[in-house]
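The values are calculated or read from the model by the stated rules, or taken from the named source; none is laboratory data. Since we're looking at a predicted model, the values are computed, not measured. All accessible areas refer to the heavy atoms of the entire protein, side chains included, with ligands and DNA or RNA removed. Shrake-Rupley method; radii C 1.70, N 1.55, O 1.52, S 1.80 Å.
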Amino acid sequence: MSKIPAIIEEREERIMQAWMHRDAGELKRLMARDCILMFATDPPEILDRPSFIEAQARDFRCLGYRFGDNIMRRYGSLVFLTAPIDLELKLGAREWEGRFLITDLWRKYAFGGWKLTERTLAPLADDARLADSVRRVQLW
């Protein structure tokens with residue numbers, strides 16, 4: 001997996017830059033045809049690839065982002081990436097910004113290489129006490 005983290009991180013940057021610059025062609029190259037984006041709203045909502053590509057061209061803008069440290073795990077031809085991300089989004093007239101948790105599933109295809117297959121975006125709770133509590137029960 002030595003080269004894979006660098007490849008996935010580079011693709012994460014490319015997909016976010018494509019979203020910011022409304023580059024539908026680059027998004028199509030980086031996203032699998034059956035890619036879905038899940039949003040931790042109440043109720044939860046999903047966008048498929050065509051809906052997202054159309055929305056980002058009109059109303060769903062990424063105005064800025066900054067990734068935190070990520071955790072990656074490979075399962076055969078799949079890689080999960082989870083990271084905190086600071087986002088500035090605009091959906092229609094509504095601004096949506098803050099710290100989120102992004103969980104991406106990347107799949108390696110025979111043609112086209114690594115493509116985003118699924119993305120989950122959830123607001124991140126700013127409570128270090130919970131993270132500390134989880135860390136204390138880890139067996140490693």
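The table below lists the values:
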| read-out | value |
| --- | --- |
| For the chain, accessible area per residue (1.4 Å probe, heavy atoms of protein chains only), Å² | 63 |
| Accessible-area composition of the range 4-140, carbon plus sulfur, in percent [1.4 Å probe] | 54 |
